[in-house]
């Protein structure tokens with residue numbers, strides 16, 4: 001339901017209709033009016049909140065229109081029970097509601113037609129189409145936003161007027177309300193009509209596609225990041241945006257679903273969303289030499305069929321999961337992995353990917369992770385506990401939070417010498433398992449209680465003036481970010497309105513983009529200064545990011561996930577919980593990323609080994625193992641990962657160009673040697689041949 005308030009509103013709406021029927025049968029106009037008001041308000045609230053229940057009612061034949069119709073029929077029943085069945089207002093009400101529902105069809109058709117005509121065959125960001133085609137402004141938001149609900153609520157005037165007439169026994173108020181309802185309904189339909197024709201609609205698909213091809217011919221993209229997936233998979237393409245921005249070649253992002261475009265993070269790279277496979281296959285991508293694929297999905301075939309470019313699987317993470325060695329990867333010209341570990345995974349899996357087709361390019365996304373050994377002078381160590389979520393299959397090895405989480409946090413907050421604890425749970429924690437959700441709440445309470453106790457401990461003195469200044473700075477930065485975000489959502493040049501307007505005005509404002517990036521960095525710095533370096537903290541939400549937590553921590557405790565692989569880039573000590581109790585040797589055998597970790601049992605008794613390594617780096621027994629593992633998993637530090645990545649792109653582009661030149665040469669040679677296909681020419685007899693008489 002989303003919240004207790006939504007649950008209460010849903011209950012009131014569901015119970016309100018039986019109450020309406022009872023009030024109509026009694027009959028009682030005040031009771032009917034009260035019940036009607038409750039159902040109207042509850043319905044409106046649930047729609048405004050986008051409640052799951054109200055969106056599912058249509059599946060059981062209790063959709064929005066039906067609910068309004070039932071309310072109106074019950075009003076007719078009320079009039080009949082009041083003895084007004086022979087009164088003019090009774091027939092007026094029936095005629096009003098029939099006419100009102102007659103207006104629903106043209107209203108719905110117009111809204112659907114407007115939305116369909118304004119849906120672009122290709123939606124873009126950072127692509128200048130406005131200079132090539134005319135894209136008109138979107139209709140006013142008030143006309144199309146929740147239009148069905150707005151149209152149906154116009155019956156309020158008639159309902160109120162009829163109820164007043166029933167009380168006063170005068171038809172005047174009723175017919176005034178009826179006139180308002182029908183009149184406003186007609187005006188609503190008329191207001192929509194100009195937006196279905198003429199200069200109010202965008203150009204047709206052929207014109208838009210031609211404009212995109214013109215832009216492609218002018219821009220001449222060289223490297224494409226191609227992605228298809230569901231709404232929840234948008235992070236898989238978002239993680240590559242900064243890398244695409246740093247390419248030496250001209251980048252382009254091609255998406256296949258509008259929902260991914262709507263969830264794409266801000267970027268300066270040109271983006272083209274092409275939902276139609278035929279449109280994509282007809283698009284002029286002749287200048288592209290390298291295509292990068294972040295996921296193995298069926299729609300990849302629409303670009304894989306192009307022979308003039310080389311195709312590369314780059315994935316969306318490097319781990320020991322089966323997805324990292326998918327047999328589908330055979331279709332690509334090359335598979336790029338972070339380090340030697342990825343190459344070895346394919347060799348062990350033996351799924352048909354040849355070793356010579358694997359290229360190690362590092363992980364460019366890990367560049368923000370800072371490496372540091374030892375705790376800075378003057379502060380206590382910080383340990384990050386970042387467990388993953390419980391997963392869909394109920395495997396006890398998925399997360400430590402249920403069996404080990406409280407033990408881990410208890411030992412950390414009671415550690416002597418003391419440490420600071422940051423608890424950052426996975427955002428999906430508790431969505432599947434009630435036990436995981438309950439454990440998360442207990443751990444949160446444990447951290448907050450320890451923080452309160454430390455705040456009262458005279459050994460931990462806070463610089464209140466510095467913290468107040470940092471909080472004031474946070475407020476200033478957040479206000480400015482909100483202002484910039486408001487511009488992005490509400491003004492020209494920001495994609496406001498609808499898909500067509502977003503395509504027209506979707507050019508990034510580089511100055512604003514850079515300011516937002518700078519402000520977010522400043523926000524992160526101010527956030528950590530806004531509370532004491534000794535203060536335990538529960539961190540949820542998108543900010544601060546996980547990598548920011550890495551950078552202020554001296555060690556981490558986590559579970560088998562990409563979080564561990566990423567943290568290895570820091571070179572800092574880490575521990576991983578063997579929640580399934582496989583045993584240390586088997587756990588390390590099955591999971592490459594834990595080979596340089598302190599392995600914890602569910603009791604967390606081994607946690608002291610991790611803390612000893614943090615307090616005295618010179619006595620850290622796993623330091624060299626972490627260096628070797630980092631190199632094995634993520635590749636060498638030099639050249640940098642982005643340099644390795646750019647080199648791999650350039651090398652593959654040369655291969656693509658070499659192939660294309662060879663094809664052109666063979667085609668030209670074949671054309672020069674071609675003979676008209678009539679009667680086959682005879683071979684000239686050479687000396688010594690037997691020539692028939």
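The numbers here are math on the coordinates, done by the rules we state, and not lab data. Because the structure is predicted, anything quoted here is derived from the model rather than measured. Here the Cβ positions follow ideal geometry from the backbone for every residue, glycine too, while neighbour counts run over all protein chains shown.
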Worksheet entry | Correct choice for Cα extents along the principal axes in Å that was computed from the model, options (1) 106, 81, 76; (2) 94, 52, 44; (3) 111, 106, 47 | (3)
Discussion item. For the ranges 476-483, 155-162, what's the packing order if you count other beta-carbon atoms within 10 Å of each residue, average per peptide, and put the highest first?
Written reply: 155-162, 476-483
Fill in: Order by protection proxy (mean Cβ within 10 Å, highest first), peptides 565-572, 220-227, 17-24
565-572, 220-227, 17-24
Worksheet item: Share of antiparallel DSSP beta bridges in the chain, in percent to the nearest 5?
Response: 10
Item to complete: Give the relative contact order (percent, whole number) for segment 4-200; include only Cα pairs under 8 Å separated by 6+ residues.
Response: 22
Worksheet item: Over the Cα atoms of segment 4-200, what Rg and Dmax result, in angstrom?
Response: 19.9, 67
Worksheet, complete the sentence: Quick numbers on segment 6-68, Rg and Dmax over C-alpha atoms in Å, give 11.8, 34
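Got a sec? How would 603, 641 order by Cβ neighbour count within 10 Å, fewest to most? Mind dumping the intermediate values first?
Values: 603 12, 641 24.
Arranged by neighbour count, lowest to highest, 603, 641 become 603, 641.
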Worksheet item: Taking Cα centroids, how far is segment 553-602 from segment 608-657 in Å?
Response: 16
Practice prompt. Rounded to the nearest Å, what's the spacing between the alpha carbon centres of segment 365-391 and segment 127-145? Just the number, please.
Written response: 46
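Show me 632-639, 665-672, 268-275 ranked by packing, highest mean number of other Cβ atoms within 10 Å first. Provide the component values of the computation, followed by the final result.
Values: 632-639: 17.2, 665-672: 9.2, 268-275: 22.1.
My ranking of the peptides, most packed first, is 268-275, 632-639, 665-672.
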Worksheet entry | Ellipticity estimate at 222 nm from DSSP helix runs (n ≥ 4, -39,500 (n - 2.57)) divided over the chain, nearest 500 | -16000 deg cm²/dmol
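For segment 406-478, go through all pairs of different Cα atoms, get the mean of 1/r, take its inverse, and jot down that Kirkwood value in Å. Present the calculation step by step, with values, prior to reporting the outcome.
On the way: mean 1/r = 0.0684 Å⁻¹.
Evaluated on segment 406-478, it is 14.6 Å.
In terms of the ratio Rg/(2.2 N^0.38 Å) built on C-alpha atoms, what value belongs to segment 65-140? Provide the component values of the computation, followed by the final result.
Values: Rg = 22.1 Å, N = 76, 2.2 N^0.38 = 11.4 Å.
Normalised Cα radius of gyration, segment 65-140: 1.94.
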Practice prompt. Would you mind checking the radius of gyration and Dmax of segment 220-366 based on alpha-carbon positions, in Å?
Written response: 14.6, 40
Worksheet item: Any idea how far the Cα center of segment 512-549 sits from the one of segment 213-234, in Å?
Response: 31
